[in-house]
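All of the numbers you see were taken from the coordinates with simple rules; none came from a lab. Everything numeric in this text was worked out from a predicted model, so none of it was measured.
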Amino acid sequence: SGEAGNQNFLRPDFWKEIVEAVDGTVTETNTAYQGERNTTEKHLKTLENHGWSEYFKTEILDAQGDMVLDIPDGKRIKKNYIGKGTEKYDSLLVLSHFKGHPRGGYGGALKQLSIGMASAFGKAYIHGARKKEKIWTADHDLFLRSMSDAAGSVVDYFGENAVYINVMMNMSVDCDCCAK
């Protein structure tokens, strides 16, 4: 949905036909950093301010806490903490804005599946490569491995009931999580 102040996120009217065609709900999870999306209340207000709730049903998946996905073959993390609200969905349409990212290097479906589905706690856990207190200081390669493990757990959870659309438009070196 874009952090408050970001001008590069893809607007809801761009996604309108796709979301309406599947009678979808736009879902997100709270951020692990300070900003306008780190609490459910502020996040819902940002969705409203950016026009998402005008067009679509919206839900903050971690408003009611975490759901844990096991990752038995994870290279770095063995658990993924995603929004508890995920459990009521049986399919997933991943709409990704492909762009740069300060930590991940890029943003797209892999980032959406890992960081995008992670609860606020899960985001810190992935960024910190199992140590949430190292959210901004963990080894970069360990963070990327954690992100890959987390994304794989979401792919496994939804199986064949997932579709991925990546869009390269309004390109930026920064993520939509960056306020500008």
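Given the pairs LYS88/LYS134; LYS57/LYS132; LYS57/LYS111; LYS16/LYS134, which are separated by over 27 angstrom at their Cα positions?
Values: LYS88/LYS134 31 Å; LYS57/LYS132 31 Å; LYS57/LYS111 23 Å; LYS16/LYS134 38 Å.
Result: LYS88/LYS134; LYS57/LYS132; LYS16/LYS134 exceed 27 Å.
Does anyone have the angle between helix 12-21 and the longest principal axis of the chain? Alpha-carbon axes, 0 to 90°, nearest 10? With both axes taken from Cα atoms, the answer is about 90 degrees. Calculate I(q)/I(0) for the chain by the Debye formula, one identical point scatterer on each C-alpha and no solvent, and give its log10 at q = 0.12, 0.17, 0.19 Å⁻¹ to two decimals. Evaluating at q = 0.12, 0.17, 0.19 Å⁻¹ gives log10 I(q)/I(0) of -0.50, -1.09, -1.42.
Let me have the relative contact order for the range 1-126, percent, based on Cα pairs under 8 Å that are six or more residues apart. Please list the in-between numbers first.
Details: 188 pairs, mean separation 29.7, N = 126.
Relative contact order here is 24 percent.
Could you work out how far helix 140-158 tilts from the main Cα principal axis of the chain, as a 0 to 90 degree angle to the nearest 10? That helix lies at roughly 60 degrees to the long axis. What's the whole-number percent of alpha carbon pairs in the range 1-103 lying beyond 22 angstrom? The proportion of pairs with Cα distances above 22 Å equals 37 percent.
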